[in-house]
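See below for the structure under consideration.
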Amino acid sequence: MTPIKDEQKALREILRQAYLEKENVEVGDRWQEEAMRRIRELGAIEAAPSSLVMFEQLVWRLAPLTCVLILGLAVLLSSLDFISGYDIIQLLMDGTEELTLNQFFGL
């Protein structure tokens with residue numbers, strides 16, 4: 001068995017024993033206050049975040065910046081007029097979209 005299953009089995013046995021012996025145990029009037037006091041003394045549980053959670057937080061923090069950069073680059077490229085509309089139509093009208101392997105590899 002794996003250690004986790006062993007721990008679960010041991011915990012289940014402890015809880016079963018406690019349940020069976022619950023009628024034999026005398027409980028005072030202040031058991032609730034004492035239990036809550038002990039819980040407060042334990043303090044907060046500090047769990048170390050996993051690397052996946054930290055990566056997810058990083059991605060969500062950088063998402064707005066990434067969107068702004070994409071929009072900025074789209075506006076910049078559209079204003080630069082990298083290839084004019086006429087050139088694109090000219091490429092399609094000349095039939096140059098049918099490249100042979102020789103043209104593709106420059107042979």
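Numbers for the structure displayed
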| item | result |
| --- | --- |
| Area accessible to solvent at T66, 1.4 Å probe radius, in Å² | 70 |
| Karplus (6.51, -1.76, 1.60) ³J(HN,Hα), θ = phi - 60°, over the stretch 56-71, in Hz, Gly and Pro reported as x | 4, 5, 5, 4, 5, 6, 8, 4, x, 5, 4, 4, 5, 5, 5, 4 |
| GluC sites (Glu not before Pro) lying in DSSP loop within the stretch 1-84, provided at most 11 other Cβ fall within 10 Å | E21, E23, E26, E46 |
| Trypsin sites (Lys or Arg not before Pro) within the stretch 10-46: DSSP coil, no more than 11 neighbouring Cβ in 10 Å | K22, R30 |
| Gain in span if fully extended, D6 to I45, counting 0.36 nm per residue against the direct Cα distance | 11.7 nm |
| Segment A74-L20, extension gain: residue separation times 0.36 nm, minus the distance between their alpha carbons | 12.4 nm |
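The values are calculated or read from the model by the stated rules, or taken from the named source; none is laboratory data. Only a predicted model underlies this, so the values are computations on that prediction, with no experimental measurement involved. Here Cβ is always computed from backbone atoms with ideal geometry, including for glycine, and neighbour counts include all displayed protein chains. To get the accessible areas, we keep the full protein, side chains included, count just its heavy atoms, and leave off ligands, DNA and RNA. Shrake-Rupley method; radii C 1.70, N 1.55, O 1.52, S 1.80 Å.
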